[in-house]
Amino acid sequence: MNGSFSTRMLRTIAAWVVVAVFFFPIYYWTSVAFKHGNDIFNRPPKLFAFTPTFDNFQKVFGISLGSGGITVTPGGGNFYMAPRVWDSIVIATLSTVLAVAIATVAAYALSRMNFRGRHSFVGWVLSTRMMPPVAVAVPMFFIYKNFGLIDTYTGMVLIHALMNLPLAVLLMKSFFDDIPSEIDESAIVDGASRFMIFRRIVLPMAKGGIAATAVLCFIFSWTEFLFALTLTTTSLKTVPVVSSTFVTSIGTAWGNMAALGAASIIPAFIFILLVQKHLVRGLTMGSLKQ
């Protein structure tokens with residue numbers, strides 16, 4: 001009994017240590033956002049014993065939180081980044097919806113319908129995911145320039161959806177493969193059409209897989225850097241791109257950069273919470289094979 005209790009305690013301690021190792025960088029970066037300049041560079045670092053301030057958030061988002069005593073000009077300042085956060089939310093959300101919608105239909109066809117070259121098509125989809133984005137960044141710039149898509153939501157949504165589509169198709173296909181095809185065959189015998197089977201039977205059973213795929217697409221779009229840097233100029237930027245603007249010729253604004261970084265975690269965290277109910281089931285789909 002004592003040995004079993006000791007084993008459980010060791011497992012609990014080991015689990016907390018692993019959690020602490022992964023959580024510490026997030027805590028440290030978030031704490032920098034709440035520090036004054038002198039506290040950021042203090043040696044040894046002040047992990048807990050510092051006076052919190054909202055000055056960095058006020059400068060980055062151009063709002064007054066009633067503390068700090070600084071003058072904030074909404075919409076002004078070199079580090080005003082609220083529009084850039086909105087740009088990232090719009091691009092990540094719309095590209096995720098587009099990629100998941102197309103991938104769901106395509107993956108169902110690849111999973112259920114037998115046609116010539118199906119396996120070759122799956123291999124081609126996988127190969128496009130392996131291609132480095134830098135190989136197509138310059139050609140895509142000239143294509144976008146000719147079609148007037150530079151610095152537009154439409155252009156960024158399309159490229160991010162295109163970037164996530166191969167992974168989304170492969171993930172959704174694996175989820176559909178786990179749903180027994182006998183269900184489709186029984187429904188066909190009862191007179192259901194292929195579209196009715198997809199919409200009313202298979203799609204509800206794949207909610208978990210759709211949620212897991214959507215989370216990955218959203219995170220990949222949220223953190224994408226190269227295409228956002230290449231296909232935008234001034235009027236449209238995403239959070240990863242503007243984060244580099246905090247490095248100036250007179251130094252790096254670590255506090256403001258940390259404030260933007262800490263705030264950029266929130267939309268992704270909220271999105272994961274919204275699909276949490278289906279996410280866990282989706283992540284476990286495909287783990288058991290008959």
Quiz prompt | the stretch 39-54, residues that are under 16 Å from Thr252 (Cβ atoms) and open to solvent by less than 80 Å² (accessible area, probe 1.4 Å) | solution = Asp39, Ile40
Quiz item: What is the residue count in the stretch 216-244 for residues that are open to solvent by 70 Å² or more (accessible area, probe 1.4 Å) and among the β-branched types (Val, Ile, Thr)?
Solution: 3
Self-check item: Flag if Thr93 is in contact (Cβ under 8 Å) with a residue 60 or more places away in the chain and either more than 20 Å from Thr230 (Cβ to Cβ) or among the aromatic types (Phe, Trp, Tyr) (or both)
Solution: yes
Quiz item: Here are Val90, Val72: which of them is open to solvent by 20 Å² or more (accessible area, probe 1.4 Å), modelled with pLDDT of 85 or more and hydrophobic (A, V, I, L, M, F, W, C)?
Solution: Val90
Quiz item: Which condition breaks for Pro132 when tested against (1) modelled with pLDDT under 90; (2) outside any helix (DSSP H, G or I); (3) over 19 Å from Leu167 (Cβ atoms)?
Solution: (3)
Quiz prompt | Residue check, Ala168 crowded, with 19+ Cβ neighbours inside 10 Å, in contact with a Cys (Cβ under 7 Å, 6 or more places away or on another chain), closer than 19 Å to Leu110 by Cα and hydrophobic (A, V, I, L, M, F, W, C) | solution = yes
Practice problem: State which residue is farthest from Phe147 (Cα to Cα) when the search covers only the stretch 257-267 and only residues that are in contact with a helix residue (DSSP H, G or I) (Cβ under 8 Å, 6 or more places away or on another chain) and open to solvent by 10 Å² or more (accessible area, probe 1.4 Å). | Solution: Ala262
Practice problem: Filter the stretch 106-140 for residues that are touching a residue at least 40 places away in the same chain (Cβ under 8 Å) and surrounded by 14 or more Cβ atoms within 10 Å (Cβ to Cβ) and give the result. | Solution: Ala106, Ala107, Tyr108, Leu110, Ser111, Arg112, Val122, Val125, Arg129, Pro133, Ala137, Met140
Quiz item: With respect to the numbered conditions (1) at positive phi; (2) in contact with a helix residue (DSSP H, G or I) (Cβ under 7 Å, 6 or more places away or on another chain), which one is the sole condition not fulfilled by Ala161?
Solution: (1)
Practice problem: Please find, within the stretch 1-38, the residue that is least open to solvent (accessible area, probe 1.4 Å) out of those that are without any contact (Cβ under 8 Å) to a residue 60 or more places away in the chain and in a loop (DSSP other than H, G, I, E, B). | Solution: Phe34
Quiz prompt | Subset of the stretch 12-59 [under 26 Å from the mean Cα position of the chain (by Cα), aliphatic (A, V, I, L, M) and within 22 Å of Ser264 (Cα to Cα)] | solution = Val19, Ala20, Val21, Ile26, Val32, Ala33
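The values are calculated or read from the model by the stated rules, or taken from the named source; none is laboratory data. In this text the structure is predicted, and so the values were computed from the model without any measurement. FYI the Cβ positions are ideal-geometry reconstructions off the backbone, even for glycines, and counts take in every protein chain you see. Remember, those area values only see protein heavy atoms, side chains included, never the ligands or the DNA or RNA. Shrake-Rupley method; radii C 1.70, N 1.55, O 1.52, S 1.80 Å.
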